[in-house]
1. Collect the residues in the stretch 7-20 that are farther than 20 Å from ILE74 by Cβ and not in a helix (DSSP H, G or I), keeping them in residue-number order.
2. Of the residues that sit in the stretch 16-57 and are over 14 Å from PHE80 (Cβ atoms) and among the hydroxyl-bearing types (Ser, Thr, Tyr), which one is nearest to the chain's Cα centre (by Cα)?
3. Against the conditions (1) touching a helix residue (DSSP H, G or I) at 6+ places or on another chain (Cβ under 7 Å); (2) crowded, with 17+ Cβ neighbours inside 10 Å, where does LYS55 fall short? Just the number, please.
4. When both residues are 6+ apart or on different chains and their Cβ atoms are under 6 Å apart, which pairs have a first residue that lies in the stretch 72-83 and is polar (S, T, N, Q), and a second that is assigned to a loop (DSSP other than H, G, I, E, B)?
5. Working carefully through the options ILE23, ILE38, find the one that is of a type in the set (A, V, I, L, M), at pLDDT 90 or above, within 17 Å of GLN3 (Cα to Cα) and part of a helix (DSSP H, G or I).
Amino acid sequence: MQQIAEITEAQFQAEVLDQKQQILVDFYGADCVVCDAIAQWFDDIEDELTTPVCKVFLAAPSSVLAQQYNLRGIPTLIRFESGVETDRMAGEFSLDTFRQFVLG
């Protein structure tokens, strides 16, 4: 898998939950200004990433994944290890906070 990959909700099981490695998932949506900023931040640090990132577009807050992971808003970043959620960050945050969370 490349470092940053767009995946669909249908691919989530295979690309995130079935993986043995750590995966960072960026849940985002349309018309989300903060999501657009985060997308640019990911582009800016792609060369520094050591953890694969899966970007999942949520068309509606009522989507299966939004309900399953109790997503109360976008953007939401969730770190998974062997398919289990280990950390999350949601809402609006600074570039420094983003870098610290993503690059650890």
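1. The answer is ASP18, GLN19, LYS20.
2. Applying the filter and picking the extreme gives TYR28.
3. The number of the failed condition is (1).
4. Hits for this filter: SER82/LYS20.
5. ILE38 is the lone residue from the list that is of a type in the set (A, V, I, L, M), at pLDDT 90 or above, within 17 Å of GLN3 (Cα to Cα) and part of a helix (DSSP H, G or I).
Listed here are the residues, each with its yes/no results for (1) at positive phi; (2) surrounded by 14 or more Cβ atoms within 10 Å (Cβ to Cβ); (3) out of contact with any strand residue (DSSP E or B) (no Cβ under 6 Å at 6 or more places or on another chain).
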residue: ASP31; (1), (2), (3): yes, no, yes
residue: ALA59; (1), (2), (3): no, no, yes
residue: ALA66; (1), (2), (3): no, yes, yes
residue: SER82; (1), (2), (3): yes, no, yes
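The values are calculated or read from the model by the stated rules, or taken from the named source; none is laboratory data. If you're wondering where the values come from, they're calculated on a predicted model, not measured in any experiment. Glycine also receives a Cβ, built like all others from the backbone with ideal geometry; neighbour counts cover every protein chain displayed.
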